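Okay, so here's the structure we're looking at.
The values are calculated or read from the model by the stated rules, or taken from the named source; none is laboratory data. In this text, all values refer to a predicted model and were calculated from it rather than measured experimentally. Neighbour counts are summed over all protein chains in view; Cβ atoms, including those assigned to glycine, are modelled from backbone coordinates with ideal geometry. Ligands, DNA and RNA are stripped out before the accessible areas are found, and what is left, the full protein with its side chains, is counted by its heavy atoms. Shrake-Rupley method; radii C 1.70, N 1.55, O 1.52, S 1.80 Å.
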Amino acid sequence: MAGKRFEVLLTPEDRYEVEIVTDRGQVTQFTIRYDAYLQGAWHAIVIFDNHGGHAHQHLMDPITGKGEPRTIPLDLKEAVTYAIYKIQAMWEGWREQYKRRLQGGEPDLL
């Protein structure tokens, strides 16, 4: 088993982190997390992972600290690619939604 971990800065206040474990070239475990620096602290905004056996996404709520899992119906290698693409495409909207909710607003359905 081999593991890789790296971080990508989108801005000085936005980043995503990728952790992948492979076995014989096949993805066996992954976590990809988009974080934003808001109100003096780093917050996990969206987490993609396969904990529990299948790929899913958690859009985190700053009030509850939880994110309901949404299943990603892809194999693990495809799910990793999808997660990175989705973060690169959606991070600004997710940041604004989370920021509004952090300030007491109602959640959006992104």
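The table that follows gives values for the structure above.
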item	result
Qualifying trypsin sites (Lys or Arg not before Pro) in the stretch 60-105, DSSP loop, other Cβ atoms within 10 Å at most 14	LYS66
Other-chain or far-sequence residues with amide H under 5 Å of VAL27's (modelled H)	LYS77
Relative contact order (%) - criterion: Cα under 8 Å, at least six apart; region: the chain	17 percent
Solvent-accessible area, 1.4 Å probe, carbon plus sulfur percent, for the chain	52 percent
Set of lysines with alpha-carbon distance to LYS77 below 17 Å, sequence-local pairs under 8 removed	LYS4, LYS86
Residues whose placed amide H lies under 5 Å from that of ILE72, excluding near-sequence neighbours	ALA55, HIS56, GLN57
Label-point separation in nm, MET1 to GLU92, each point 7 Å along Cα→Cβ	3.9 nm
Cross-link reach list, aspartates and glutamates versus LYS99, counting only Cα pairs under 14 Å and skipping chain neighbours closer than eight places	GLU13, ASP14, ASP35, ASP61, ASP108
In degrees, nearest ten, helix 76-102 long axis to first principal axis of the chain (Cα)	10 degrees
Accessible area per residue, Å², the chain with all protein chains present, probe 1.4 Å	61 Å²
Two-decimal Rg/Rh across the stretch 1-76, once Rg and the Kirkwood Rh are taken from alpha-carbon atoms	1.01
Selection from ALA41, GLY3, PRO69 lying farthest towards where the dipole of the chain points positive, charges on Cβ	GLY3
Nearest-0.05 FRET efficiency for LYS66 and GLN29, computed from C-beta distance (R0 25 Å)	0.70
Residue-averaged 222 nm ellipticity for the chain, from DSSP H runs of 4+ at -39500 (n - 2.57), nearest 500	-9000 deg cm²/dmol
